[in-house]
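The values are calculated or read from the model by the stated rules, or taken from the named source; none is laboratory data. Since the structure is predicted, the reported quantities are computational estimates derived from the model, not experimental observations. All Cβ positions, even for glycine, are placed from backbone atoms using ideal geometry, and neighbour counts span all protein chains on display.
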Amino acid sequence: MLLAVAAQSIEHGLNHGRPLEPDPHEYPAALQAERATFVTLQIAGELRGCIGVLEAIRPLVVDVARNAYAAAFEDPRFPPLTRAELPRLDIHISVLSPSEPMHFRSESDLLGQIRPGIDGLILEDRGRRGTFLPSVWEQLPEPADFFEHLRHKAGLPSRYWSETLRVSRYTTESFGAPIAESFSG
């Protein structure tokens, strides 16, 4: 159902220039609950857009609709999606658990606590913030490499360490499908 909402929101964006605004009350209770999501779009296995939120601020079905639209049309790394790209698009949705702060005394202590393939991480320090979804472990399977790239993504030096550094972890429930399958459910 969420894949269909994401696909419909992207189609709605192509036709109307704005995201679909689903009425949460028309969906099952689980989709009405406030949850944080990321929507990742790919074409031929290559990233085409990824937008999401780290904290639950709206109903799950609304969050997916808005993030799907934003991934297609507002990701600053890519031009807006075109109608010609639509048939080749794959949609992936990650529903995030609430994040939990991690407690550590050193970088090696932190790296020892990270669960490769399971944890998504949020790094914060000096007014900077970055996150990697658990799916990034596929490209960066070693905790040290994962964390180094996350620091870089947050705009910090790749070897940066500070006593004020904060790291939180979360898990995701993820699923995806080509857009054509998303419409058919």
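Looking at Ile118 and the list (1) aliphatic (A, V, I, L, M); (2) outside any loop (DSSP other than H, G, I, E, B); (3) assigned by TED's automatic domain parsing to the domain that holds Leu165, which single condition is not satisfied?
Going through (1) aliphatic (A, V, I, L, M); (2) outside any loop (DSSP other than H, G, I, E, B); (3) assigned by TED's automatic domain parsing to the domain that holds Leu165 one by one, Ile118 breaks only (2).
Yes/no per residue for (1) surrounded by 14 or more Cβ atoms within 10 Å (Cβ to Cβ); (2) closer than 20 Å to Phe38 by Cα; (3) of a type in the set (Gly, Ala, Ser):
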site	(1), (2), (3)
Val62	yes, yes, no
Arg77	no, yes, no
Ala84	no, no, yes
Leu89	yes, yes, no
His92	yes, yes, no
Leu96	yes, yes, no
Asp109	no, no, no
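What is the residue count in region 129-145 for residues that are farther than 19 Å from Gly155 by Cα and free of Cβ contacts under 8 Å to residues at least 40 places away in the same chain?
5
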